[in-house]
1. Restricting attention to the range 219-240, does a residue exist that is within 26 Å of the chain's Cα centre (by Cα) and over 24 Å from Leu140 (Cβ atoms)?
2. Of the residues Leu401, Leu414, Leu444, only one is at pLDDT 90 or above and over 26 Å from Ala528 (Cα atoms); which?
3. If a residue must be out of contact with any Gly (no Cβ under 6 Å at 6 or more places or on another chain) and either outside any loop (DSSP other than H, G, I, E, B) or under 16 Å from Leu590 (Cα atoms) (or both), how many such residues does the range 432-445 contain?
4. Looking at the range 270-288, is at least one residue closer than 28 Å to Asn20 by Cα and of a type in the set (Gly, Ala, Ser)?
5. For Ile385, state whether it is assigned to a strand (DSSP E or B) and either in contact with a His (Cβ under 8 Å, 6 or more places away or on another chain) or within 30 Å of Pro208 (Cβ to Cβ) (or both).
6. Of Thr373, Thr366, Thr343, which residue is at pLDDT 85 or above, under 30 Å from His456 (Cβ atoms), more than 24 Å from the chain's Cα centre (by Cα) and surrounded by 15 or more Cβ atoms within 10 Å (Cβ to Cβ)?
7. What are the residue pairs meeting all of these: first residue in the range 257-271, first residue farther than 15 Å from Thr247 by Cβ, second residue of a type in the set (D, E, K, R), Cβ atoms under 6 Å, and 6 or more apart or on different chains?
Amino acid sequence: MKASAAARIADLRAEIEKHNHQYYVLDQPSIPDAEYDRLFRELQQLEAEHPELVSADSPTQRVGGKALDSFAPVRHVVPMLSIRTETDISDEGAIAFDARVRRELSGSGSLENGDAAIEYACELKFDGLAISLRYERGVLTQAATRGDGETGEDVTQNVRTIHCIPLRLKNCDAAVLEVRGEVYMRRDDFDRYNEAQREQGLAALVNPRNGAAGSIRQLDPALAAKRPLSFFAYGLGETQGWVAPATHSATLDALEKMGVPVNGERTVVSGAQGLVEFHRRIAAKRDELPFDIDGVVYKVNSLALQAQLGFVTREPRWACAHKYPAEEQMTVVREIDIQVGRTGKLTPVAKLEPVFVGGTTVSNATLHNEDETRRKDVRVGDTVIVRRAGDVIPEVVGVALDRRPANAGEPFDLYKRLDGKCPVCGSHIVREEGEANWRCTGGLYCPAQRKQALLHFAGRRAMDIEGLGDKLVEQLVDSDIVTTPADLYALKIATLAELDRMGEKSAQNLLDAIGHSQQTTLARFVYALGIRNVGEATAKDLARHFGALDALMAADEERLQQVPDVGPVVAQSLRAFFGEPHNSDVIQQLRDAGVNWEEHEGMKMEVLPLSGKIFVLTGTLPTLSREEAKTLLEAQGAKVAGSVSKKTDYVVAGEEAGSKLDKARALGVPVLDEEGLRGMLK
């Protein structure tokens, strides 16, 4: 009896998976829904009668499981790296990529015939969520998000609910085969889902991309199972016991034969002209595709050449994304609001007459900062062009001046509009020299910055309060239990124990960590305050130089700049922070709560050879990584900045230096190579 049940179960699984593939991958259903349901119910009944025969690759296991408390981390053996984006959306973007590949191969001697065209695999750039699928002996055992490229999140239960992803590969017994691809939502599935949600009075999804990403990161797989998701493979990660074909295109063909969905809009072309033609062809049919894309992807087809080209700054030299222009629409500005971000940055936001752009209805668009708002001369009442920048963040591109009404508002002036005060907490706002953004100075007090301020304050290199993470800070702030870091030291075990996932033991452990943090160092305390432009190294320098907090708080900008590595910008940040009464109040509350450190007399610090000099690093140096070069420079007292300005003393340029090198030459800033840098360091 059991043998016959096992045989019938195997037959049903094979038949159901065949129909799943025809329906979800090929879009060619071969049987009516009623017949499919009958087969599925029969399989469920047999598995219920013989639970010992249930396996992970059964179609019945796609319905999701128990809700999770959080996602477990997954370390990628082969990192999930991002690829370079060609910023030039014209034909020149494709031509530039081909030229760069040819230059690299010619330089390494891999391109013997300089005129020979390189073969490329061309694909679509899907607008979804990158996923890695791990198959062992052909069975899906784990699915993980990209995360930071090195470590992702285990989303296996949710990915099992995606019917087009095979739970078992066809004719594949490799020990390990990791399939990399994109989870996305088709436009028609997105529309049907939202229509059903609205009919039930439930919240609709914002757009297909967010719908896909949000579904995969649902902690309850049952909810994820209700979302109509799809998947396309575009490459491989770790492999064991599998001989890869010689080309990328052949690899995708092999995956398709295993039953993995691979998009059909892919081709192999020769040379730059082939890339250009593919980019144009897909652009012409972009709106007709059943899903959203934001560009195309080019990859050197030969895996051997890919290996020779290698990587630069963790991006493959052998691949690039070539985007399309974002979609644009026109609408009217009803108001200009000012939002305060988690770090205190003030951002003007245009409140718009709702308009459908790039697959979603947009009613707000960023104006970035005051300078951009003035440059574009955006005023209340204006008709503006709205674009979804990067197909994600709506922004105002420009103003249709010929449509400006006679009663349009005045030119935008953020400081005047706010009377110089933060709209959330009333603290003073400042704009540092060379900065585009105004910022609230009430970092320890401002409600908009509370969560960020608390997380930074509790960080390992700051006050080191173990156990005070994102979720707990969310609860403490949202419940108005903690409004400033000083409130942490007044927490009681009864209050903490009532919070989600916080029993008495966890609450006591947190209180112990908070109590332990009361004895700290001046350097840690200064860093924990979260003062803009004051990092860990600068906090140590300030602590050594002044020795006491009161001396530091009383120092004017001239005195502050006597500390090596403290220039006008850092000095201005310090004065703005300590000059805000709200911050002084919180600092006093922290001291009253028992936070203390050993103080000493201030001291003169050694003036290092490169003290006061500002360097900018750009491109790839022959032997030094950017972090190594930065460490060497900072050890000699130099400051390493991220952008070139008139105040830059030297630019250190390596291979593929780019726009920073161009700006340095335009400003007459001296440029060093690695040899010149090493000579200066000696």
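The values are calculated or read from the model by the stated rules, or taken from the named source; none is laboratory data. Keep in mind it's a predicted model, so treat the numbers as computed, not measured. A quick note on method: Cβ atoms are made from the backbone with ideal geometry, for glycine too, and the neighbour counts reach across all protein chains shown.
1. Looking for residues that are within 26 Å of the chain's Cα centre (by Cα) and over 24 Å from Leu140 (Cβ atoms), one finds none in the range 219-240, hence no.
2. Leu414
3. The qualifying residues number 3.
4. Scanning the range 270-288, I find no residue that is closer than 28 Å to Asn20 by Cα and of a type in the set (Gly, Ala, Ser), so the answer is no.
5. Numbers: assigned to a strand (DSSP E or B): yes; either in contact with a His (Cβ under 8 Å, 6 or more places away or on another chain) or within 30 Å of Pro208 (Cβ to Cβ) (or both): yes.
Yes, satisfied.
6. Working: Thr366 fails: more than 24 Å from the chain's Cα centre (by Cα); Thr343 fails: more than 24 Å from the chain's Cα centre (by Cα).
Testing whether each residue is at pLDDT 85 or above, under 30 Å from His456 (Cβ atoms), more than 24 Å from the chain's Cα centre (by Cα) and surrounded by 15 or more Cβ atoms within 10 Å (Cβ to Cβ) leaves just Thr373.
7. Note: pairs meeting the criteria are Met258/Lys170; Gly259/Lys170.
Yes/no per residue for (1) at pLDDT below 85; (2) surrounded by 14 or more Cβ atoms within 10 Å (Cβ to Cβ):
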| position | (1), (2) |
| --- | --- |
| Gly201 | yes, no |
| Ala213 | yes, yes |
| Leu223 | yes, yes |
| Ser230 | no, yes |
| Ala250 | no, yes |
| Val262 | no, yes |
| Gly271 | no, yes |
| Phe278 | no, yes |
